[in-house]
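J.: Let me give you the structure first, and then I'll get to my questions.
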Amino acid sequence: MALVGYVRVSSLDQDTTTQLERVTAAHCKKVFSEKESGTSTKHRTALAECLDYLREGDTLVITKIDRLARSARDLHNLIHDLEQRHISLLVLDQRIDTSTPHGRAFLGMLATFAEFETNIRKERQLEGIAAAKAKGKYTGRKPTAQNKAAEILSLVDQGLTKVGIAEHVGISVASVYNVINKTKQAI
């Protein structure tokens, strides 16, 4: 029954020293560390190694819940995986310990409130966009490719490939095809 630490910062210019000190002070015998975005669990090799290292009865120790996951879905998935493997989670800053019924309940409530807050924020954003559209103040992004249609068609006439045109103009290959197809439909 080991205490295993996991620390993470999002960018190369950030430092893990404080987190390392805190999980070490919590008596972690093994600590996994990485500098990687927490928006997804993909590409987080130290997290994958840490999860692979953990055994039944171990406790994963982190400083803050956002060091483990930034999305409610990823957090729920990770917690579910840990529970299935009989591994506890100890979050130092929020004082959450999933080895206790109170800790599991508190973590569940935090995740629920975080997801609720995200949904409310999204709802407000959509309401704001609808109100701005009604006032004629929200028109969306200007269509970049359509503004460059003449240049795109000229490059097609010169025999450039679609990929070459996309790179030259600074748009996607799909946008090049969209301009060409719109032109054909207009004829």
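Values in this text are rule-based calculations from the coordinates and carry no lab data. Everything numeric in this text was worked out from a predicted model, so none of it was measured. Methodologically, a virtual Cβ is constructed for each residue, glycine included, from the backbone with ideal geometry; neighbour enumeration extends over all protein chains shown.
J.: Provide the net charge surrounding ASN147, with neighbours chosen by a C-beta distance below 14 Å and charges set as Lys +1, Arg +1, Asp -1, Glu -1. Kindly include the intermediate steps, with their values, before the conclusion.
T.: Numbers: positive: ARG141, LYS142, LYS148, LYS182; negative: GLU151.
With Lys, Arg at +1 and Asp, Glu at -1, the neighbours total +3.
J.: Calculate how steeply helix 101-134 sits against the longest principal axis of the alpha-carbon atoms of the chain, using the helix alpha-carbon long axis, and give the answer as 0 to 90 degrees to the nearest 10.
T.: 20
J.: Oh, and also: For SER99, list long-range residues whose amide hydrogen, built 1.01 Å from N in the peptide plane, is under 5 Å from its own amide hydrogen.
T.: Under 5 Å from the amide H of SER99: LEU89.
J.: Hey, with R₀ at 45 Å, roughly what FRET efficiency would HIS80 and GLN14 work out to, going by the Cβ-Cβ distance, to 0.05?
T.: On the way: r = 29 Å, r/R0 = 0.64.
My answer for the efficiency is 0.95.
J.: In a GNM of the chain with a 10 Å cut-off on Cα contacts, which of THR16, THR161, THR59 has the highest mean-square fluctuation?
T.: Result for the chain, Cα springs under 10 Å: THR161 fluctuates most.
J.: Build a GNM of the chain with springs between Cα atoms under 10 Å: which of ALA166, ALA46, ALA130 gets the top mean-square fluctuation?
T.: ALA166
J.: Apply the Karplus curve 6.51 cos²θ - 1.76 cosθ + 1.60, θ = phi - 60°, to the phi angles in the stretch 62-76 and return the couplings in whole Hz, x for Gly and Pro.
T.: Once rounded to whole Hz, the list reads 9, 7, 9, 4, 6, 6, 8, 7, 9, 10, 4, 4, 4, 4, 4.
J.: Also, quick follow-up: Counting DSSP beta bridges with both partners in the chain, what percentage is antiparallel, nearest 5?
T.: On the way: 2 of 15 bridges.
Bridges in the chain are about 15 percent antiparallel.
J.: Continuing with the same structure: Just report the Cα centroid separation between the stretch 125-186 and the stretch 24-42, whole Å.
T.: Each part reduced to its Cα centre gives a spacing of 43 Å.
J.: Another one. Taking springs between alpha-carbon atoms closer than 10 angstrom, which of ASP66, ASP81, ASP52 fluctuates most in the Gaussian network model of the chain?
T.: Of ASP66, ASP81, ASP52, the Gaussian network model singles out ASP52 as fluctuating most.
J.: Answer with one residue from GLY170, ALA131, GLY38: the one whose Cα lies farthest towards the positive end of the charge dipole of the chain, charges on Cβ with Lys, Arg +1 and Asp, Glu -1.
T.: Result: ALA131, furthest along the dipole toward the positive end.
J.: Here is a further query. Restricting attention to the stretch 109-187, which trypsin sites (Lys or Arg not before Pro) occupy a DSSP loop and are surrounded by at most 14 other Cβ atoms within 10 Å?
T.: LYS135, LYS137, ARG141
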